[in-house]
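Worksheet: one structure, shown below.
Taken together, the values in this text are just the output of simple stated rules run on the coordinates, not laboratory data. Please read all numbers here as calculations on a predicted model, not as lab measurements. Every residue, glycine as well, gets a Cβ built from its backbone with ideal geometry; the counts of neighbours run over all protein chains shown.
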Amino acid sequence: MATTDRLTGLFVLWYFNDRLKEETHRAIRSHRPISVLMLDVDHFKRVNDTHGHLAGDAVLKEIAARVKSSLREGDLLARYGGEEMAAILPETSADGAGRVAERIRSAVESKPIESSSKSLQVTISIGVNDLTRIPPSADPTLTASRLLKGADEALYEAKHGGRNCVRIYAGSAASAESLGRTSDIPVTFGTWPS
């Protein structure tokens with residue numbers, strides 16, 4: 001079974017999920033930090049609709065390369081689906097991951113992407129979460145799921161808060177149900193300063 005995506009060269013979703021469980025287990029066992037990033041290309045449908053799918057493919061490949069070059073060797077980047085990517089940052093707190101995410105966001109925004117003689121300006125939104133922002137659990141599978149869900153919630157806030165930004169999940173250690181939008185437990189998000 002293939003572990004990499006043909007278009008971007010990034011790891012595929014099933015491999016990412018397996019590694020996230022492993023890395024989460026390691027972080028729990030050793031009491032070390034771990035962070036997850038969820039990344040989404042802003043207005044990607046518009047790129048495909050306006051410039052065609054070949055241009056969209058070129059955008060995905062270039063963004064994948066820029067993100068990958070902004071990560072350390074031990075970090076893991078995967079194509080999560082469509083225009084979404086996810087990254088595992090072992091040994092990294094939310095503050096450190098926020099700095100990495102801002103570096104990635106800036107790298108994508110800083111230079112247009114060339115595709116079939118077209119110069120396309122694209123941006124990304126990023127959600128960040130770490131182990132300290134979710135309810136504790138000795139179960140690495142549950143913890144990995146909570147890490148990802150919090151990063152996805154932060155990404156949602158970034159997309160609905162103007163795009164082209166980084167949001168850090170503030171979380172709650174109260175319960176698994178507090179991850180999300182519930183009426184009884186407020187969920188807050190931090191904005192990474194630029």
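Only one of [x] 18.0, 70; [y] 20.3, 74; [z] 16.4, 52 was calculated from the structure for Rg and Dmax of the Cα atoms in Å, and its label is [z].
Quick one: which of 30-39, 12-21 comes out on top by average Cβ neighbours within 10 Å, and what's the full order, highest first? Present the calculation step by step, with values, prior to reporting the outcome.
Numbers: 30-39: 21.7, 12-21: 17.3.
Peptide ranking by packing, descending: 30-39, 12-21.
So what is the calculated 222 nm ellipticity per residue for the chain, using -39500 (n - 2.57) for each DSSP H run with n of 4 or more, over all residues, to the nearest 500 deg cm²/dmol? Walk me through the numbers before you get to the answer.
Values: 5 runs with 80 residues, N = 194.
Result for the chain, helices only: -13500 deg cm²/dmol.
Of all lysines in the structure, the ones whose alpha carbon falls short of 30 Å from that of LYS118, not counting any fewer than 8 places away in one chain, are LYS45, LYS61, LYS68, LYS159. Treating r as the C-beta distance of THR50 and ALA107 and R0 as 35 Å, the FRET efficiency rounds to 0.90. Sequentially through region 94-103, phi angles give Karplus couplings (6.51, -1.76, 1.60; θ = phi - 60°) of 4, 5, x, 5, x, 5, 4, 4, 5, 4 Hz, Gly and Pro residues having no value and appearing as x.
Between region 116-147 and region 33-61, the alpha-carbon centres lie 15 Å apart. Between amide H atoms placed 1.01 Å from N, distances below 5 Å from LEU120 occur with ILE113, GLU114, SER115, all of them 5 or more places distant or on a separate chain.
Report the full-extension gain for the segment THR4 to LYS159: residue separation times 0.36 nm, less the Cα-Cα distance, to one decimal in nm.
On the way: separation 155, 0.36 × 155 = 55.80 nm, distance 2.68 nm.
Contour length minus the Cα-Cα distance gives 53.1 nm.
Place a point 7 Å from the Cα of ARG26 along the Cα-to-Cβ direction; which residues of region 65-91 have their backbone N under 16 Å from it? Backbone N within reach: 72-78, 87-91.
The HN-Hα couplings worked out from phi for region 25-37 by the Karplus form 6.51 cos²θ - 1.76 cosθ + 1.60 (θ = phi - 60°) are 4, 4, 5, 5, 4, 9, 6, 10, x, 8, 10, 10, 10 Hz, whole numbers, x standing for Gly and Pro.
For a test of the definition: using alpha carbon positions, the gyration tensor, and the 1.5 limit on a/c, classify region 59-141 as rounded, prolate or oblate. Kindly include the intermediate steps, with their values, before the conclusion.
Details: a/c = 2.59, a/b = 2.17, b/c = 1.20.
Here region 59-141 falls in the prolate category.
Within straight cross-link reach of LYS111, meaning Cα distance under 16 Å, which aspartates and glutamates are found once same-chain residues fewer than 8 apart are removed? Candidates past the 8-residue exclusion: ASP42, GLU62, GLU102. Our coupling estimate for region 143-155, obtained by passing each phi through the Karplus curve with A = 6.51, B = -1.76, C = 1.60 and θ = phi - 60°, is 5, 4, 4, 5, 4, 5, 4, x, 5, 5, 4, 5, 4 Hz, Gly and Pro reported as x.
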